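Report on the structure given below.
Nothing in this text is a laboratory measurement; each read-out follows from the coordinates by a stated rule. Treat the numbers as computed from the prediction; the structure is a model and nothing was measured. Using ideal geometry, Cβ is built from the backbone for each residue, glycine included, and neighbour counts are taken over all protein chains shown.
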Amino acid sequence: MDNLCNVTLAELQKDLNTLKGRDLTFGGMMTEVKHTTTQKGNPMGSFIIEDYTDSYRLVLFSEEYLKYKHLLIEGTAVLIKAKILPRFNSDTQVEVRILNMMLLSEALEKLVKEITIRLPLSTVHPQLTELLAKLVRKMKGKCSLKFIVYDPDDNLSIEMPSGKYHVPCSEFLQAIRDLPEISFKLT
């Protein structure tokens, strides 16, 4: 969630008008899931999504509900892409309109195309480079890699894309997350 989300649920709770028209990505765990029908008999579902900051109630109607109802299970962690749009039949009110929803566990592999690893020159040493080389050779995936080694004192950097090796995004990130000298960016 830290790498893919651009808004928290606490920000959604404040004022949707400030987010109007923006593409939003947020995630969390579903609670209080309800499957029902409208007065006209069309299927609908509602759920509360909770992240580390707050919770937010969302509703899916008709085709959107049918498209995502397999995910509407209490305890399911999801990533949601949405937009703040005018509410149906209203010129003054806005709502969160879900554009896409997927399991959070699958989001990294589906959405991330490249991992850029940034290393300060002062932290590059043979043990670190050997560890990274070993991980990259061992793991096979679809996510491309790019390394940037930089020297903050001289304001210099060198970019090195790895054309030969690709890694599984979530597995690789889990392997490097405890290395304090490494920072990364996902695209």
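Within 10 Å, at most 11 other Cβ atoms, and a DSSP state outside H, G, I, E, B define an exposed site. Report the longest part of the chain free of exposed chymotrypsin sites (Phe, Trp or Tyr not before Pro).
That would be 89-187.
How about K138: which lysines have a C-alpha closer than 26 Å to its C-alpha, ignoring those fewer than 8 places off in the same chain?
The qualifying lysines are K110, K113, K146, K164, K185.
Determine the calculated [θ] at 222 nm for the chain from helices alone, applying -39500 (n - 2.57) to every DSSP H run no shorter than 4 residues and normalising by the residue count; nearest 500 deg cm²/dmol.
-6000 deg cm²/dmol
Given a Förster radius of 45 Å and the C-beta distance between N100 and D154 as r, what FRET efficiency does 1/(1 + (r/R0)^6) yield to the nearest 0.05?
About 0.55, to the nearest 0.05.
What is segment 112-186's relative contact order, in percent, from Cα pairs under 8 angstrom and six or more apart in sequence?
Result for segment 112-186 is 43 percent.
Please report, largest first and rounded to whole Å, the three semi-axes of the ellipsoid equivalent to segment 1-43, where each semi-axis is the square root of five times an eigenvalue of the C-alpha gyration tensor. Could the numbers behind the result be given before it?
Working: eigenvalues 140, 49, 20 Å².
The equivalent ellipsoid of segment 1-43 has semi-axes of 26, 16, 10 Å.
From the Cα gyration tensor of segment 9-107, with a ≥ b ≥ c the square roots of its eigenvalues, which class applies: rounded if a/c is under 1.5, or else prolate if a/b is larger than b/c, or else oblate?
The shape class here is oblate.
What is the magnitude of the charge dipole of segment 9-107 about its Cα centre, with +1 placed on the Cβ of each Lys and Arg, -1 on the Cβ of each Asp and Glu, and no other charges, expressed in debye to the nearest 20?
Numbers: 12 positive and 13 negative charges, 70 e Å.
Roughly 340 debye for segment 9-107.
Going by Cα centres, segment 132-147 and segment 73-114 are how many Å apart?
30 Å
I'd like the Kirkwood hydrodynamic radius of the chain, using the inverse of the mean 1/r over distinct C-alpha pairs, in Å.
Across the chain, the inverse of the average 1/r is 19.1 Å.
Compute, for the chain, the length of the dipole vector about the Cα centre, with Cβ point charges of +1 (Lys, Arg) and -1 (Asp, Glu) only. Units Debye, rounded to 20. Please report the intermediate quantities before stating the final value.
Details: 24 positive and 24 negative charges, 160 e Å.
Using only the charged Cβ atoms, the result is roughly 780 debye.
Which residues among segment 72-106 fall inside the zone where the amide N is under 13 Å from a point 7 Å beyond the Cα of S62, along Cα→Cβ?
88-89
Considering the zone a paramagnetic label at H70 would reach in this model (a point 7 Å from Cα along the Cα-to-Cβ line), which residues of segment 11-25 have amide N under 18 Å from it?
none
Using only the alpha-carbon atoms, how far is helix 126-138 inclined from the longest principal axis of the chain? Give it as 0 to 90 degrees, nearest 10.
Roughly 50 degrees between the two axes.
Which of the cysteines in the chain are isolated, no other cysteine C-beta under 4.7 Å?
For the chain, the answer is C5, because their Cβ atoms have no other cysteine Cβ under 4.7 Å.
Work out how much length T18 to R177 would gain on full extension: take 0.36 nm times their residue separation and subtract the Cα-Cα distance, in nm to one decimal.
Values: separation 159, 0.36 × 159 = 57.24 nm, distance 3.39 nm.
Gain on stretching T18 to R177: 53.8 nm.
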